[in-house]
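Asker: Mind having a look at this structure? Questions to follow.
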Amino acid sequence: MSRIKPFVMVILDGFGVSIEAAGNPVAQAATPALDSFLRNFPFTTLQASGVAVGLPWGVAGNSEVGHLTMGAGRVLHHHLPRIIHAIGDGSFFENQALAAVTAHVKKNNSRLHIAGLVSSGSVHSYAEHLEALVEWAAKAGIAQVFIHVFADGKDAPPRGGAVFLEGLAKRLISLHPGAVYASVIGRFFTMDRDEKWERIEKAYALLTEGKGDRITSVPAYLAGEYGKGISDEFCEPAMTEMSGQAPIIREHDAVVFLNFREDSMRELVHAFADDDFRAFPRKKVSDLLIVTMTEYEKNIAGVLPMFPTADILHPLGKALSDAGLRQLRIAETEKYAHVTYFFNGGDEHPFPQEDRLLVPSAAAAHVDEVPEMRAAEIAAKIIENMELYDIVIANFANADMIGHTGNFSAGVRAVEALDATLKTLSEAVLAVGGAMLVTADHGNIELKRNAVSGEARTAHSINPVPLLLIGERYKRTAPRTDADLLAAKQEVGGILTDVAPTILAILEIPKPEEMTGQNLLPGLLV
């Protein structure tokens, strides 16, 4: 049998599988194409959270971990557990980047700042890491620690920041009496991935000039924002009033960026680090020592990562390239890094015969205003170009991005847009003898209301994700019954590490020895 061409891998970002109808936009949406696929083609579910993807037990997966795991074909030692382990064995407190901070601050008699997402979530940062940094500062004899809070409301409850930060402050002060919340601003402004530089400019102005409201308490300020209908994610910048000089980041200071996830911190760090920065007018802070929890990007001048990225050998992209296959990676702006950098094991550079296509995200202030996002445009680009490639790897951002808003009706529209897109794309691919594999990186859109309180959920879920193989040669002889489909949705057939070996088996390419995932094709075809 000849090799399938084109083969299209569709990653429905944030699209989990749940049999529960309550709080589930997928269950409420009209999805004729997906319903037909589930009945007529091979289907199973994959575990995409916790230890199955290298995270602590019970921790929901995320886009970074999901794409790294799918691309690597093995369980990786991800940033979150790696840093937790370093704290546990004490090596965290002896980190060379932190030693450089101590020397810099003491030499210049300057101040230490810690800036990053501070919440109960664990997708981009982790509160225990902040506590460890504050404990290290106390042990190092650094008199005061200014903590610049990026409020969450996306990977944590929309209005959970005030209570969480109040409790956290007590723990921080017990570790270091000089640890204080210096400022607060919503992650909407600080963690942009879409070159919306006006947001980063607002954050930079707060951190370096103190531009924002003057407040006496960060938790109280957030509580006041809730009264105005503003959630943590979108809270306006505010600086804590202190006696003496404002707690801004100034020359000779040191700043440690708390987030361990790379993609959403690059723009802000470039604003601080780059000598030739031109995205907006800004005064560069001179002699500022910048330390990042992980390596946000290779070779950002003057930036010291605490935990540099470890090389991932022979990911799926390299195996495809070594086999001589032409591949296209495509996504809209919000998820472009995931289908390129993360999918390639944290490597910015494309492999030989790997092309990349970026479809700019819609210029909406809030993503749920356009839940269709750029799904149709991505599909059109795939159809236009697929004859040039052996394999296309595409990310559709709708389910995750809309899921994070907690907007249920927009979630339904997003799912229906994805369904229409899958119909159009599958018809074009199958018409030329190709096939599609549809999967996801983690759950989100299928659980958007709290089962107890009825409140909107904005965070990821721990639900499994689909693995669906669509192609004429794979079509079932008889459609699944309702009972069969229910059983299939409840049975987890593998984990995300199995995606790459399965694709290689479909394309008749040997699996690299570094991949520990399993080929699920035999079980899918039963």
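Asker: Can you pull out the residues in region 229-247 that are surrounded by 21 or more Cβ atoms within 10 Å (Cβ to Cβ) and either among the small types (Gly, Ala, Ser) or assigned to a helix (DSSP H, G or I) (or both)?
Answerer: Ser231, Asp232, Glu233, Ala238
Asker: Okay, next question. Between Ala483, Ala431, Ala451, Ala435, which is under 28 Å from Met386 (Cβ atoms), of a type in the set (Gly, Ala, Ser) and loosely packed, with under 13 Cβ neighbours inside 10 Å?
Answerer: Exactly one residue qualifies, and that residue is Ala431.
Asker: Collect the residues in region 397-428 that are surrounded by fewer than 23 Cβ atoms within 10 Å (Cβ to Cβ), of a type in the set (D, E, K, R) and touching a residue at least 40 places away in the same chain (Cβ under 8 Å), keeping them in residue-number order.
Answerer: Arg413, Glu416, Asp419, Lys423
Asker: Now for a different question. Ile290 passes all but one of (1) closer than 22 Å to His124 by Cα; (2) part of a loop (DSSP other than H, G, I, E, B); (3) among the β-branched types (Val, Ile, Thr); (4) modelled with pLDDT of 95 or more; which number fails?
Answerer: (2)
Asker: Something else about it: Among what's in region 498-515 and is farther than 25 Å from Gly433 by Cβ and touching a helix residue (DSSP H, G or I) at 6+ places or on another chain (Cβ under 6 Å), pick the residue that is surrounded by the fewest Cβ atoms within 10 Å (Cβ to Cβ).
Answerer: Step by step, filter region 498-515, then rank; the result is Pro512.
Asker: Take the residues of region 42-62 that are over 25 Å from Leu524 (Cα atoms) and in contact with a helix residue (DSSP H, G or I) (Cβ under 7 Å, 6 or more places away or on another chain): which is surrounded by the most Cβ atoms within 10 Å (Cβ to Cβ)?
Answerer: In this case the residue turns out to be Leu55.
Asker: Which of the helices (runs of 4 or more DSSP H) found entirely inside region 168-228 contain at least 1 residues meeting this: in the same structural domain as Leu130 (by TED's automatic domain parsing) and modelled with pLDDT under 95?
Answerer: Passing ranges: none, list empty.
Asker: Sort out which residues of region 479-498 are touching a Gly at 6+ places or on another chain (Cβ under 7 Å) and of a type outside the set (Asp, Glu), and write them in order of number.
Answerer: Gly493, Leu496, Thr497
Asker: Give region 283-297 a look and list any residue that's over 21 Å from Ala103 (Cβ atoms) and either more than 28 Å from the chain's Cα centre (by Cα) or aromatic (Phe, Trp, Tyr) (or both), or say none.
Answerer: Once the filter is applied, which keeps residues that are over 21 Å from Ala103 (Cβ atoms) and either more than 28 Å from the chain's Cα centre (by Cα) or aromatic (Phe, Trp, Tyr) (or both), region 283-297 yields Lys283, Lys284, Tyr296.
Asker: Right, next: Within region 13-41, take every residue that is surrounded by fewer than 22 Cβ atoms within 10 Å (Cβ to Cβ), in a loop (DSSP other than H, G, I, E, B) and at negative phi and give me the one that is nearest to the chain's Cα centre (by Cα).
Answerer: Filtering region 13-41 for residues that are surrounded by fewer than 22 Cβ atoms within 10 Å (Cβ to Cβ), in a loop (DSSP other than H, G, I, E, B) and at negative phi, the one nearest to the chain's Cα centre (by Cα) comes out as Ser18.
Asker: Additional query: Please work out if Pro371 is within 22 Å of the chain's Cα centre (by Cα) and assigned by TED's automatic domain parsing to the domain that holds Ala30.
Answerer: Yes, satisfied.
Asker: Output the residues belonging to region 248-281 that are of a type outside the set (D, E, K, R), surrounded by 23 or more Cβ atoms within 10 Å (Cβ to Cβ) and assigned to a loop (DSSP other than H, G, I, E, B).
Answerer: Residues satisfying the conditions are Ile249, Leu258, Asn259, Phe260.
Asker: If you take the residues of region 146-183 that are of a type in the set (A, V, I, L, M, F, W, C) and free of Cβ contacts under 8 Å to residues at least 40 places away in the same chain, which of them is surrounded by the fewest Cβ atoms within 10 Å (Cβ to Cβ)?
Answerer: So the residue we want is Ile173.
Asker: When you look at His78, is it buried (at least 18 other Cβ atoms within 10 Å of the Cβ) and without any contact (Cβ under 8 Å) to a residue 60 or more places away in the chain, yes or no?
Answerer: Against the criterion (buried (at least 18 other Cβ atoms within 10 Å of the Cβ) and without any contact (Cβ under 8 Å) to a residue 60 or more places away in the chain), His78 qualifies.
Asker: For region 357-396, enumerate the residues that are in contact (Cβ under 8 Å) with a residue 60 or more places away in the chain and crowded, with 18+ Cβ neighbours inside 10 Å.
Answerer: Ser361, Ile382, Met386, Tyr389, Asp390, Ile391, Val392, Ile393, Ala394, Asn395, Phe396
The values are calculated or read from the model by the stated rules, or taken from the named source; none is laboratory data. On a predicted model such as this, the values are computed, not experimentally measured, just so you know. Neighbour counts are summed over all protein chains in view; Cβ atoms, including those assigned to glycine, are modelled from backbone coordinates with ideal geometry.
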